[in-house]
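Written below as structure tokens is the structure these notes are about.
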Amino acid sequence: MRARDVARAVGVVAVVAAVVVAAAYAGGAVLSAPSGVGDAPDAPAYDTGALATGPVEDDGEVTAPSGGESKTVVFDVSHGNDVSENDVQPVVDALVAAGHEVRFYAGSESSFGASQGASPFNETLRGADALVVVSPSTAYTDAESDGVEAFADAGGRVLLAANPPATAATETTVSLPGLSTESAASAAGQPANLAARFDVTFGAGYLYDMGENGNNFQRVYAGGDGGGVAEGVERAVLLDATPLRTGPDASAVLSAEAASSETREDGTYAVAARNGNVLAVGDADVLTAGVATDGDNDAFVSNVAAFLVSGDKEAGAPSGGQGGGQPGGQPGGGAGNSTQPTPTARLAPGLA
């Protein structure tokens with residue numbers, strides 16, 4: 001390459017380098033120059049200390065009374081109930097360990113063999129001492145509701161548990177010659193028509209507490225008056241609670257200081273209520289593994305288990321004339337039944 005060409009190339013490189021340096025300097029000057037907008041406002045930071053929570057103890061144990069008469073507890077899963085044996089294992093294990101029998105009723109395999117007006121569900125109640133209804137997706141028929149009411153009146157224990165609803169209720173009825181069925185979506189997973197029989201209404205929203213909670217604003221604390229199913233329950237931790245409204249025949253046994261998603265108002269809300277032999281709980285999750293041992297939940301769930309097996313049900317109730325059941329059904333597993341059931345948990349398609 002000739003000397004003149006080399007000099008020209010060097011000169012071009014020098015010019016380009018000078019331009020790049022100048023541009024970088026100018027850009028820095030522009031970026032560092034005041035924008036004219038002014039300083040950022042001095043907004044106070046949110047007080048995160050207000051949300052500080054301590055660890056929730058989860059080393060509790062669910063127990064049930066033992067040493068007395070063996071009782072039969074039936075979990076209904078025939079109404080699309082959002083519950084399985086694995087879900088409620090803490091309760092099942094406690095009852096079985098104490099010598100009681102636990103059954104899961106999935107419904108009759110066929111209704112064509114039953115006489116007109118018969119209710120296989122009510123026939124199941126005759127052989128039970130306690131009934132557990134958790135988050136049903138279909139409503140109970142009038143005949144079934146009559147049977148549950150007669151069951152409770154005869155000393156049978158009933159537990160109704162549900163979370164906040166997800167959808168609105170709808171109802172359909174299908175009638176065919178020789179076959180009559182009723183199907184309805186209960187209040188989106190709540191035993192609404194059963195609870196109404198006992199002066200209890202499940203709420204349409206959920207409870208929350210933005211200040212004091214179990215490490216999540218929907219994990220609200222609840223406590224009771226220290227007696228009955230609330231004995232030893234000062235700080236239960238409810239995962240997804242819905243408030244309960246009670247009439248004159250029912251009373252709150254567990255309450256939470258929280259706000260309602262329906263009204264956004266702070267207040268004291270009942271989350272468990274009792275009417276004689278019927279207990280309603282506005283949180284189905286409290287019965288489940290991983291939740292039943294949080295805080296004072298073990299005390300509460302143990303009390304619930306004791307409630308289920310401490311009744312004194314009349315043998316054979318509900319009778320054939322109560323709730324459309326067949327006459328001549330097998331006697332119940334109450335105090336008048338001398339047959340002691342095997343203390344095992346099992347899933348059966350239908351129980352007579």
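The values are calculated or read from the model by the stated rules, or taken from the named source; none is laboratory data. From a predicted model like this one, the values you see are computed outputs, not experimental measurements. Here the Cβ is made from the backbone with ideal geometry for all residues, glycine too, and neighbour counts use every protein chain on show.
Annotations
- Only listed residue being exposed (fewer than 12 other Cβ atoms within 10 Å of the Cβ) and at pLDDT 65 or above, chosen from 87, 59, 82, 42: 59
- Any hit, the range 259-267, residues being buried (at least 24 other Cβ atoms within 10 Å of the Cβ) and either closer than 24 Å to residue 82 by Cβ or in contact with a strand residue (DSSP E or B) (Cβ under 7 Å, 6 or more places away or on another chain) (or both): no
- Residues in the range 241-256 that are crowded, with 16+ Cβ neighbours inside 10 Å and closer than 20 Å to residue 299 by Cβ: 241, 244, 252, 253, 254, 255, 256.
- Index of the failed condition, residue 240 passing every other in (1) closer than 21 Å to residue 165 by Cα; (2) charged (D, E, K, R); (3) modelled with pLDDT of 95 or more: (3)
- Evaluation of residue 236 against (1) closer than 14 Å to residue 195 by Cβ; (2) in contact with a helix residue (DSSP H, G or I) (Cβ under 7 Å, 6 or more places away or on another chain); (3) of a type outside the set (Asp, Glu) (one fails), failing number: (1)
- Checked against (1) of a type in the set (Gly, Ala, Ser); (2) modelled with pLDDT under 95; (3) in contact with an Asp or Glu (Cβ under 8 Å, 6 or more places away or on another chain), residue 284 passes all but a single condition, namely (2).
- Counted residues, the range 206-218 - those being in contact (Cβ under 8 Å) with a residue 24 or more places away in the chain and surrounded by 16 or more Cβ atoms within 10 Å (Cβ to Cβ): 6
- In the range 275-287, the residues that are assigned to a helix (DSSP H, G or I) form Cβ pairs under 7 Å with partners that are of a type in the set (Ser, Thr, Tyr), at six or more places apart or across chains, as follows: 284/135.
- Listed by first and then second residue, the pairs linking a residue in the range 182-201 that is surrounded by fewer than 18 Cβ atoms within 10 Å (Cβ to Cβ) and of a type in the set (S, T, N, Q) to a residue that is at pLDDT below 95 and assigned to a loop (DSSP other than H, G, I, E, B), with Cβ atoms under 6 Å apart and 6 or more places separating them unless they lie on different chains, are 183/138.
- Among residues of the range 247-274, those that are of a type in the set (Val, Ile, Thr), assigned to a strand (DSSP E or B) and farther than 19 Å from residue 214 by Cβ, counted: 1
- The range 268-304, subset over 16 Å from the mean Cα position of the chain (by Cα) and on the phi > 0 side of the Ramachandran plot, residue surrounded by the fewest Cβ atoms within 10 Å (Cβ to Cβ): 276
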